[in-house]
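A short write-up of the structure that comes next.
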Amino acid sequence: MANDILLRGNDYEFTLEMDGTFNGVPVRYEPGVLEEIYAKVLNNQPFQACEFSLSNFTMMRDRGADWLAAIPVFANRDFRHSIIWVRNDSPLESAEQLAGKRVGVRDYTMTAAVWLRGTLIDEYDTDWRDINWYANAEQRFPVLEGVPLELGDGDPETMLLAGKLDAFISPRPRDLQNPPAERELRPIFRDVQDVEREYFQRTGIYPINHTVVMRQELLNEFPEAPAAIFAAYCQGKKRALARRIGSTFVPWGREYWTETMTMFDGDPFPMGLTESNRKNVRTLLRYLHEQKLISELPDIEDLFLQGTAGFTEE
């Protein structure tokens, strides 16, 4: 029997001070490579609790993975208008122009891509079925019939640079590692920050990407595990916000921090099934169902461990 809960995830500002005892349960946070962490969940390998894709978790549950449970901790969020990349010389300037084009993505079912395809319909009247999708041959999940997807061995970013694709979907293309003057790609939206800010102010949605999952059997060793994990994340976030971590090392950081916190009413990462989070999750579930990635639309409460729907931050 373990002496503590080993919780694994990405290395964020708010996970710097998460080790401790919560609800009588010792929790130890270990940052790691998300792809490796995900592989343990996807392949049902040994782990206790970890950060995981909310869309992939929903897809696994839809396919019968009842050994896996989620806690309403939302460890990663990001806007998705900025992940559509085109070449600098591309004539494409708006999402509406993607219809009929060839668009690449490494993993078709990643949460970022699910959000993007749903946003294309809701915001730009551009149906994902009117786009010719290309993805790597090795995918986390087989795609259901009716999805216009070509699988191949070529790297989508390399193919875009070679003119074999019209656009590429990625949160972090390799091109961003180059000095700005040497970059060959640009977001399709030239004013992407203004677009994302307007989207949030109108919809109230700051897209949720990751939740925290655990093995159901962990409850046998630690019945208070869900509450302890929830409390650990809440404490870590509270400390990071109080210290304004992320605003002190860069010029203009304090001014930008104040502007951003005002937009998010002081907390861009609310935990638990608040009304805003329910709207957020409900939108993602609708996108998953519309995109034929899950067979039926689940109730939000059924997606998370029994008893955790009432978890709230202190």
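Here are the numbers for this structure:
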item: The range 158-190: number of residues that are assigned to a loop (DSSP other than H, G, I, E, B) and of a type in the set (V, I, T); result: 1
item: From I294, I300, residue being surrounded by 12 or more Cβ atoms within 10 Å (Cβ to Cβ), under 20 Å from the mean Cα position of the chain (by Cα) and either small (G, A, S) or over 18 Å from T109 (Cα atoms) (or both); result: I300
item: Residue within the range 13-36 that is in a helix (DSSP H, G or I), in contact with a helix residue (DSSP H, G or I) (Cβ under 6 Å, 6 or more places away or on another chain), in the same structural domain as E221 (by TED's automatic domain parsing) and surrounded by fewer than 18 Cβ atoms within 10 Å (Cβ to Cβ) present; result: yes
item: Flag for Y256 being at negative phi and modelled with pLDDT of 95 or more; result: no
item: Single residue of the range 22-44 satisfying the filter (over 22 Å from the mean Cα position of the chain (by Cα) and touching a residue at least 60 places away in the same chain (Cβ under 8 Å)) that is farthest from A70 (Cα to Cα); result: G24
item: Any hit, the range 3-21, residues being under 30 Å from F168 (Cα atoms), in contact with a Leu (Cβ under 7 Å, 6 or more places away or on another chain) and at pLDDT 95 or above; result: yes
item: Only one of F74, F57, F52, F47 that is part of a loop (DSSP other than H, G, I, E, B), at pLDDT 95 or above and under 19 Å from V213 (Cα atoms); result: F47
item: Number of the condition not met by R174 [criteria: (1) surrounded by 13 or more Cβ atoms within 10 Å (Cβ to Cβ); (2) in contact with a helix residue (DSSP H, G or I) (Cβ under 7 Å, 6 or more places away or on another chain)]; result: (1)
item: Pairs, first not assigned by TED's automatic domain parsing to the domain that holds G64 in the range 210-224, second loosely packed, with under 13 Cβ neighbours inside 10 Å and not in a loop (DSSP other than H, G, I, E, B), C-beta under 6 Å, six or more apart; result: none
item: Tally, over the range 244-261, of residues that are part of a loop (DSSP other than H, G, I, E, B) and farther than 20 Å from F200 by Cβ; result: 7
item: Of the criteria (1) closer than 28 Å to V73 by Cβ; (2) part of a helix (DSSP H, G or I); (3) at pLDDT 95 or above; (4) among the polar types (S, T, N, Q), which one Q193 fails; result: (3)
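Here is a yes/no grid of residues against (1) crowded, with 19+ Cβ neighbours inside 10 Å; (2) assigned by TED's automatic domain parsing to the domain that holds Y124:
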site	(1), (2)
A39	no, no
N43	no, no
P46	no, no
M59	yes, no
A69	yes, no
N88	no, yes
L92	no, yes
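The values are calculated or read from the model by the stated rules, or taken from the named source; none is laboratory data. All values reported here derive from a predicted model rather than from experimental measurement. Note: ideal-geometry Cβ built from the backbone for every residue, glycine included; neighbour counts use all protein chains shown.
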